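Pasting in a structure now, in structure tokens, and then I'll have a few things to ask.
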Amino acid sequence: MREFIQNPILATIECNQIDTVICSGDWTLDGIYQLELQLEKFICSKDIPTVIFDGSAIRTMDTAGAWLLFRTYKTLEQVGRSAELQGFDSEHTDLLDMMKIYATKLQPTILPAKSNFLENVGKSTYQSFNNLINFLDFVGKTFSLVGREILSPSRIRWQAVFFNLYADGLTALPIIGMLAFLTGVVLAYQGGIQLSMYGANIFIVDLVGITLLRELVPLLTAIIIAGRSGSAYTAQIGTMKVTNEIDALSTIGIVPMELLVLPKLLSLIILMPLVTAYADVIGIFGSMLVAKFSFGVSITDFLHRFPEAVSTTNYLIGIGKTPIFATVIALVGCYQGFQVRGGADQVGKQVTLSVVQAIFLVIIVDAILSVIFSWLGIGTLPNLI
């Protein structure tokens, strides 16, 4: 007894009692719908434990036909029935093998079970602690190399240091100067309005001088450098990680940190006090203009009051914090660059993380230093009268 199932358009399927499905015709996209109906009807109507698909009579087959046959083959296996393929020529066999590869890659991802709140807290804490340990390890290695190069200055790559001084310092002067000038203008204007209500216009000098030189200018300069130079450090090192240039440096005997981290760290430590001093002058100049044209404090009176209002200690505190800020920015920027894994999209993520972490840590360090100086009584405010 033989059962004959025919696709009236392109292909045929014939089934006999020896559990063999004879496939013939053109298994292509044009007649795939009719062919699919025949296969589904065969699977549902027959309860044969072992099925053999014979493809010796197939004339042509495309990916649609191969996928339909492969899906039927896998469906029979899932319901506990054995399926075999025979008689297919080499081209059709290669096409079916390709379907197996794609089916393996396209397997749906099984999402993990939702974790509870405490589990999420534990994972986040562990990951944060692990990141902190890795960062401290990076810092230790960096300062170890710094100590070695201080003992042997000839190892310092001065060309890279001078290049970073130009790229991170000289080219940043316009944006930093503009920011400092506008900050001085806004601070003098807003503070002057309140002081003028009590006829204390001259104290604009005290307000502006101490606030700008000790706190605002060093902090804002560090934030600009973190967003401008720290992100560039991460992007440069991260791109080199993606393109395997760092592995190439290690292969030829060059220590990557000695070439990529130390010049950036040294140049940033050198230029931050210089750039901050430049920003101090520009910020005070902006305040001086506002005091003269809006509140009647002449330039002569401003300059005469300034040394009395702002002590050398307050100025040095502001300048002295900048090398610490520079160290934080350089270390975070370079560390996040070395943490890049994968492709170019990961570089962007690490750059964002680098800027956020650098700014956050700079503000934290500034707050800690302010508390320490307050405890030690360094740079206390002078008597205004």
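What follows is calculated from the coordinates using simple rules that are stated; it is not laboratory data. Note that the coordinates shown come from a computational prediction; the quantities given were computed from them, not determined experimentally. Cβ atoms come from the backbone with ideal geometry, glycine included; neighbour counts cover every protein chain shown.
At a Förster radius of 51 Å, what calculated FRET efficiency corresponds to the Cβ-Cβ distance of Ala57 and Ser144, to the nearest 0.05?
E(calc), rounded to 0.05, equals 0.10.
At 7 Å along Cα-to-Cβ for each site, give me the label-to-label distance between Ser128 and Ser298 in nm.
Placing both labels 7 Å beyond Cα along the Cβ direction yields 5.8 nm.
May I pose another question? Within the range 133-376, how many Lys pairs sit with Cα atoms under 29 Å apart, leaving out pairs fewer than 8 places apart on the same chain?
Lysine pairs, 8 or more places apart or on different chains, close enough: 9.
Taking θ as phi - 60°, what are the ³J(HN,Hα) couplings along the range 360-373 by the Karplus curve (6.51, -1.76, 1.60), each to the nearest whole Hz, with x for Gly and Pro?
Working through the residues one at a time gives 4, 5, 4, 5, 4, 4, 4, 5, 5, 5, 4, 5, 5, 4 Hz.
Then there's this: Dipole of the chain, Cα-centred, from +1 at each Lys and Arg C-beta and -1 at each Asp and Glu C-beta, to the nearest 20 debye?
Working: 24 positive and 30 negative charges, 318 e Å.
Computed charge dipole of the chain: roughly 1520 debye.
A further question follows. So what are the radius of gyration and Dmax for the Cα set of the range 250-358, in Å?
20.7, 67
Put +1 on the Cβ of every Lys and Arg and -1 on every Asp and Glu Cβ in the range 50-91; which of Leu76, Ala66, Gly87 then has its Cα farthest towards the positive end of the dipole?
Farthest towards the positive end: Leu76.
Here's a follow-up. At Ala167 and Ile364, where each label point lies 7 Å from the Cα along Cα→Cβ, what is the point-to-point distance in nanometres?
Output for this residue pair reads 2.8 nm.
Which residues in the range 61-97 have a backbone N closer than 12 Å to a point placed 7 Å from the Cα of Glu36 along the Cα-to-Cβ line?
Only 64-65, 67-69, 71-72 pass the distance filter.
Within a Cβ distance under 13 Å of Leu262, other residues only, what is the Lys/Arg minus Asp/Glu net charge? Kindly include the intermediate steps, with their values, before the conclusion.
On the way: positive: Lys141, Arg148, Arg155, Arg157, Lys264; negative: Glu149, Glu258.
Net charge around Leu262: +3.
Across the chain, what fraction of all alpha-carbon pairs, as a whole percent, falls in each successive 20 Å bin from zero upward?
Distribution as computed: 21, 29, 21, 17, 11, 1 percent.
On to the next question. Which length gain, in nm to one decimal place, applies between Tyr189 and Arg71 when the Cα-Cα distance is subtracted from 0.36 nm times their residue separation?
Taking Tyr189 through Arg71 to full extension adds about 34.9 nm, to one decimal.
If R₀ is 51 angstrom, what is the calculated FRET efficiency for the pair Phe285 and Gln346, using the beta carbon separation as r and rounding to 0.05?
Details: r = 43 Å, r/R0 = 0.85.
So, using R0 = 51 Å, E works out to roughly 0.70.
Going by average Cβ density within 10 Å per residue, which order do the peptides 125-137, 279-291 take, highest to lowest? Kindly include the intermediate steps, with their values, before the conclusion.
Values: 125-137: 11.0, 279-291: 22.8.
Packing order, densest peptide first, comes out as 279-291, 125-137.
Let me ask something else. With runs of 4+ DSSP H residues as the only contributors, calculate the mean residue ellipticity of the chain at 222 nm using -39,500 (n - 2.57) per run, divided by the residue total and rounded to the nearest 500. Walk me through the intermediate numbers first.
Details: 15 runs with 261 residues, N = 385.
Only helices count here, giving -23000 deg cm²/dmol.
Shifting gears a bit: Please identify, among Phe117, Phe53, Phe293, the residue showing maximal mean-square fluctuation in a Gaussian network model of the chain using a 10 angstrom Cα cutoff.
Phe53
Nearest 0.05, what FRET efficiency do Ala83 and Leu29 give at R0 = 25 Å with Cβ-Cβ as r?
FRET efficiency, Ala83 to Leu29: 0.60.
Would you mind checking the tilt of helix 63-78 against the longest principal axis of the Cα atoms of the chain, expressed as 0 to 90 degrees and rounded to 10?
80 degrees
What are the ³J(HN,Hα) values, in whole Hz, obtained from phi via the Karplus relation 6.51 cos²θ - 1.76 cosθ + 1.60 with θ = phi - 60°, for each residue of the range 148-161 in sequence order, with x given for Gly and Pro?
Rounded to whole hertz, the list is 5, 6, 5, 6, 9, x, 5, 7, 5, 8, 5, 4, 5, 4.
Which length gain, in nm to one decimal place, applies between Ser250 and Met178 when the Cα-Cα distance is subtracted from 0.36 nm times their residue separation? Write down the numbers at each step before the final one.
Details: separation 72, 0.36 × 72 = 25.92 nm, distance 4.19 nm.
Gain on extension, Ser250 to Met178, equals 21.7 nm.
Using Cα springs under 10 Å in a Gaussian network model of the chain, which residue among Ala180, Ala277, Ala57 shows the largest mean-square fluctuation?
Maximum fluctuation in the GNM of the chain, among the listed residues, is at Ala57.
Want the number for Asp94 to Ser152: 0.36 nm per residue separation, take away the alpha-carbon distance, what's left?
Details: separation 58, 0.36 × 58 = 20.88 nm, distance 6.34 nm.
Extra length available between Asp94 and Ser152 comes to 14.5 nm.
Among residues other than Thr63 whose Cβ falls under 14 Å from its Cβ, what is the net charge (Lys/Arg +1, Asp/Glu -1)?
-4
Using amide H atoms built in the peptide plane, which far-off residues or other-chain residues are under 5 Å from Val21 H to H?
Here Ile52, Phe53, Asp54 satisfy the definition.
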